[in-house]
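Only the coordinates and a few stated rules stand behind these numbers; no lab work does. None of these values were measured; they are calculated from a predicted model. So basically every Cβ, Gly included, is an ideal-geometry build from the backbone, and we count neighbours across all protein chains shown.
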Amino acid sequence: MAKLKRILGIDPGSRKTGFGLIESGRYSPKYLVSGVIRVEKFSGAQRLKNIFESVIQIIEQYQPDVVAIEKVFVYKNPKSAITLGQARGVILCAAALKDVDIMEYTPTQIKSTIVGKGHAGKEQVQFMVENLLKLTESPQEDAADALAAALCHDRYMSLGVDPEKISKGSKF
């Protein structure tokens with residue numbers, strides 16, 4: 001029997017960072033936990049510190065084998081892209097500090113893998129995550145995006161496909 005792997009999906013955000021943990025290696029992935037790290041009430045560096053500490057705590061508690069994180073995509077507002085990049089940076093640093101492998105996927109890769117089209121809406125992602133993981137209710141929006149990243153990585157692993165060799169938005 002294949003070794004079970006824990007995949008921690010993360011949807012980075014400067015105010016809300018979604019996370020979702022699944023167990024892979026069975027016939028279908030198993031949902032373990034998900035949630036949202038909320039840092040709206042803090043500002044600047046304190047937000048980043050709280051995201052970093054929360055991700056460290058999640059990694060220590062659940063011991064994932066790999067972190068699947070959404071890559072930054074181009075924003076119309078450069079300030080938003082920089083802020084999101086900072087949040088991603090502390091998340092990547094936390095995973096690296098804990099020696100957890102990191103896989104990055106574009107939003108288009110995640111959506112086309114989970115929904116079948118790269119520009120699917122958030123509701124479609126939530127619906128598919130709920131169905132794929134056989135959940136009794138729809139996860140919060142940011143948690144659903146994180147679970148979608150984890151499911152995307154699970155799919156690539158199960159097919160033996162190197163995500164780095166897949167062009168943005170292509171199907172496999």
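Given the options 84, 32, 97, which has the most mean-square fluctuation in a GNM of the chain, springs set between C-alpha atoms less than 10 angstrom apart?
Among 84, 32, 97, the largest GNM mean-square fluctuation belongs to 97.
Is it possible to state the helix-based mean residue ellipticity at 222 nm for the chain, with each DSSP H run of 4+ residues giving -39500 (n - 2.57), the sum divided by total residues, to the nearest 500 deg cm²/dmol? What is it?
-14500 deg cm²/dmol, from helical runs alone.
Within 13 Å, Cβ to Cβ, of residue 149, how many net charges do the neighbouring residues add up to if Lys/Arg are +1 and Asp/Glu are -1?
With Lys, Arg at +1 and Asp, Glu at -1, the neighbours total -2.
Taking the Cβ of residue 12 as the center, what net charge do the other residues with Cβ under 9 Å away carry, scoring Lys and Arg +1 and Asp and Glu -1?
Neighbour charge sum, excluding residue 12 itself: -1.
Select from 30, 117, 76 the residue whose mean-square fluctuation is largest in a Gaussian network model of the chain (Cα-Cα springs shorter than 10 Å).
Largest GNM mean-square fluctuation: 76.
Quick one: if you take sqrt(5λ) for each eigenvalue of the C-alpha gyration tensor of the chain, what semi-axes come out, biggest first, whole angstrom?
Those come to 23, 18, 16 Å.
Give the total of Lys-Lys pairs in segment 5-165 with Cα-Cα distances below 17 Å; include a pair only if its members are 8 or more places apart or on different chains.
Taking the Cα cut-off of 17 Å, the pair count is 15.
For the chain, modelled as a GNM with alpha-carbon contacts under 10 angstrom, which of 116, 44, 85 fluctuates the most?
Residue with maximal mean-square fluctuation among 116, 44, 85: 44.
Could you tell me which GluC sites (Glu not before Pro) in segment 22-83 are loop residues by DSSP with no more than 13 other beta carbons within 10 angstrom of their beta carbon?
40
Mind checking which aspartates and glutamates have their C-alpha under 14 Å from residue 3, skipping anything on the same chain fewer than 8 residues away?
23, 65, 154
Around residue 25, which amide H atoms from residues at least 5 apart in sequence, or from another chain, sit under 5 Å from its own amide H, with H modelled in the peptide plane?
Amide H to amide H, under 5 Å and 5 or more residues apart or across chains, residue 25 pairs with 5.
Can you give the net charge of the other residues whose Cβ lies under 11 Å from the Cβ of residue 121, counting K and R as +1 and D and E as -1?
Value of the local net charge: +1.
Relative contact order, percent, of the chain when contacts are C-alpha pairs under 8 Å separated by at least 6 residues?
Computed over the chain, the figure is 29 percent.
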